[in-house]
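The values are calculated or read from the model by the stated rules, or taken from the named source; none is laboratory data. These numbers come from a predicted model, not from an experiment. Neighbour counts are summed over all protein chains in view; Cβ atoms, including those assigned to glycine, are modelled from backbone coordinates with ideal geometry. In case anyone asks, the SASA skips ligands and DNA or RNA and just uses the protein heavy atoms, side chains included. Shrake-Rupley method; radii C 1.70, N 1.55, O 1.52, S 1.80 Å.
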Amino acid sequence: MTHLYNDPADFRAEVIDGFSVAYSRYVDRVPDASGFVRRGGARAGKVSLIVGGGSGHYPSYAGIVGKGLADGCVLGDIFTSPSTEQIYRVVKAADGGAGVVLSFGNYVGDRLNFGAARERLIAEGIDTRIVYVTDDVASAEPAEADQRRGIAGTVVVYKVGGSAADAGADLDTVERLMRAANDATFTFGVAFSGCTFPGVTEPLFSVEPGLMELGLGIHGEPGVRGEPWMEADRLADLLVDAVLIERPVDAGSRAAVILNGLGATKYEELFVLYGSVHRRLIDAGVEPLLPEVGELVTSLDMAGCSLSVAWLDDELARYWTAPVDTAAFRRGDTSTMPSFTIRADLSEAPAVSTVTAPASESSIAAAGIIRRILAAAEAAILDNEAELGRLDAVAGDGDHGAGMARGMAAAVAAAHSSDGGAGEVLTAAGDAFADKAGGTSGMLWGAFLRAIGIALGDSDEVTASSLIEALFSGAETIERLGRARLGDKTMLDALWPFVGRLRESVAGDADIATAWRDAAATSTDAAISTASLTPKVGRARPLASRSLGSPDPGAMSMALVLAAAGDVLADLGESI
């Protein structure tokens, strides 16, 4: 289990605090952001590589910021995507004016938040590219390689891109090389035990004595199948066979090879295993080029390891072997690398002056009801936080309850800080939710609340009809951003039935409070019924069969919030 922590809710912040003082020779902390840039700040005229994702994976991501690798990193909460706002702030601090590459493992929350940050940066004139890593061969078949997760193979992709950027390559070249490295990298892993969040006594999953989990993820997900324990020689055969089966037909003999420890498997054990791996690779005609054995992408205290093989042509080999100097990854002499002028801090752009009409009295009154609804929703989530986490751990990382609790707390605080109408209160709540919750749910809930707020506005009276249309707009926003549909086992499976039933009830002349509670009951039933579905999108998709029989945590949390809102409306005894 994880032994060292204070308040578990402060774990990420305290990790950042400790790392920033321990390795100030490598990094500068970005003010008001959960991330770092390379010591001294942005390099003028140099392509900037920004990496990131959830905490709990050190040395990824903070440990690889430095010469020959990343220019900056942004950290979310444990196993949770950083928010769009946090990504934006780190990129602004690291931008040297030659363009930016954002790189991360292929997870829905990361793709949503990094994608939204990219749109914002492009709108400001910063050429921003995205390269997400898809090296985990266990998470999808070759025909669906773009659906694969990014695990320890991220190290190769980041190293190639970072060294190319430090050599002065332009943005197109850095992007091309990173994509080529990703296409050439294959990883397969095994777990001996699950990991445990700070403050939690039970691991996210358990491995039965005498068994191993094959095809693990790095967010506390179990493997795709169990196998009896085997000695190192046999495990080496299994790992090597799993990655070599996808050896490209045009691959040469040289390969970057990484035997990665996941946090609790000791270096001596890894060396025992690597001896067998190395012999198997040589027998297969593979020439390991500067292999790495150790902890490079961990999963808190998970016991296990993974093998990555990246096939190298001359160009990729040049950047894989190039010098690097970071807190956790050092190789060669970086004094011979090209130097770049430190870019002077840019002053903040002047705020755009906007004039908005004052909120109407009816909208201000509706905002008061919205604050009560958000507070009730927060209480409902807190009461069910542990159960939501348990449901999420079935085929995910177990953080859904904690993320929803963070998001709701932030939304409530933002709503009470706003004295505007319904639209202003909801948009402020949505933005705060997205920033503090992070991850896929944070992004989608933030967009959901914001879309409802925009639709309602601050001038018009909130009627049953306008509220239904706003909720419809919010559901469409989740559908568009999440690329999910009804039946995919997501929060939409609780939301769309609610919207449909609410519309029917109001059309039948029911008052909004009665109609809402009736629709909320429909939503709860629909959420429970997701137990019969298998996930089509998101982090749970690679472990779809494991989730069969358990309701979707996102659908359940949506139903909880909708039911809490119905209770508030019933207590008021009036329509909005």
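For the chain, adding -39500 (n - 2.57) for each run of n ≥ 4 DSSP H residues and dividing by the number of residues yields -15000 deg cm²/dmol at 222 nm. Across q = 0.12, 0.26 Å⁻¹, the range 193-278 modelled as identical point scatterers on its alpha-carbon atoms has Debye log10 I(q)/I(0) values of -0.45, -1.49, in the order of the q list. Equivalent ellipsoid of the range 457-506: semi-axes from √(5λ) of the C-alpha gyration tensor, largest first, are 22, 14, 5 Å. With all protein chains kept in place, the per residue accessible area of the range 482-524 amounts to 43 square angstrom at a probe of 1.4 angstrom. Available extension along the chain between ARG372 and GLU208 is 54.4 nm, counting 0.36 nm per residue and deducting the alpha carbon span. Computed from backbone phi with θ = phi - 60° and the Karplus coefficients 6.51, -1.76 and 1.60, the 3J(HN,Hα) list for the range 250-260 is 9, 6, x, 9, 6, 8, 6, 10, 10, 9, 9 Hz; x is used for glycine and proline. Size check on the chain: the Cα extents along the three principal axes, sorted descending, read 76, 57, 45 Å.
Max-minus-min Cα coordinates of the range 268-330 on each principal axis give 37, 33, 16 Å, with the largest extent listed first. Number of Lys-Lys pairs in the chain under 15 Å by Cα, sequence gap 8 or more or different chains? Lysine pairs meeting the criterion: 4.
For the chain, the longest principal axis of the Cα atoms and the long axis of helix 439-456 meet at an angle of about 30 degrees.
For VAL207, neighbours were defined as the other residues whose beta-carbon sits under 11 Å from its Cβ, and their charges (Lys and Arg +1, Asp and Glu -1) total -3.
The Rg/Rh ratio of the range 233-388, with both radii computed over alpha carbons and Rh defined as the Kirkwood radius, is 1.26. Given R₀ = 22 Å, FRET efficiency for ASP511-ILE454 by Cβ-Cβ distance, to 0.05? Efficiency for this residue pair is about 0.30. A simple spin-label model places the labels of THR341 and ASP10 4.3 nm from each other, with each point 7 Å out along Cα-to-Cβ. Once the 1.4 Å probe is applied to the protein heavy atoms, the range 240-341 comes out at 43 Å² accessible per residue. With Cα atoms as the point set, the range 427-576 shows a radius of gyration and Dmax of 15.3, 48 Å.
For the range 185-226, the alpha carbon convex hull comes to 66 Å³ per residue, rounded to a whole number. For the listed peptides 441-450, 175-184, 263-272, a ranking on the average number of other beta carbons within 10 Å per residue, highest first, reads 441-450, 175-184, 263-272. A simple packing score, the average count of other Cβ atoms within 10 Å per residue, orders the peptides 290-303, 212-225 as 212-225, 290-303, with the highest score first. For the peptides 161-168, 528-535, 279-286, residues were scored by their other Cβ atoms within 10 Å and the scores averaged per peptide; the highest-first order is 161-168, 528-535, 279-286.
Between the helical axis of 361-383 and the longest alpha-carbon principal axis of the chain there is an angle of about 50 degrees. A crude spin-label estimate for the pair ASP127 and GLU231, with each label 7 Å from Cα along the Cβ direction, gives 5.7 nm.
Applying Stokes-Einstein at 20 °C and 1.002 mPa s to the Kirkwood radius of the range 75-202, computed over alpha-carbon pairs, gives a translational diffusion coefficient of 135 µm² s⁻¹. Here the range 373-467 exposes an accessible surface that is 53 percent carbon and sulfur, computed with a 1.4 Å probe and the other protein chains kept in place.
Between THR463 and ASP241, the contour length at 0.36 nm per residue exceeds the Cα-Cα span by 73.7 nm. Convex hull volume per residue, computed on the Cα atoms of the range 1-93, equals 94 Å³. Normalised by 2.2 N^0.38 Å, where N counts its residues, the alpha-carbon radius of gyration of the range 237-286 equals 1.23. Surface exposure of the range 1-57, expressed per residue as accessible area with a 1.4 Å probe, stands at 45 Å². Taking every C-alpha pair closer than 8 Å and separated by at least 6 residues, the mean separation divided by the residue count of the chain gives a relative contact order of 13 percent.
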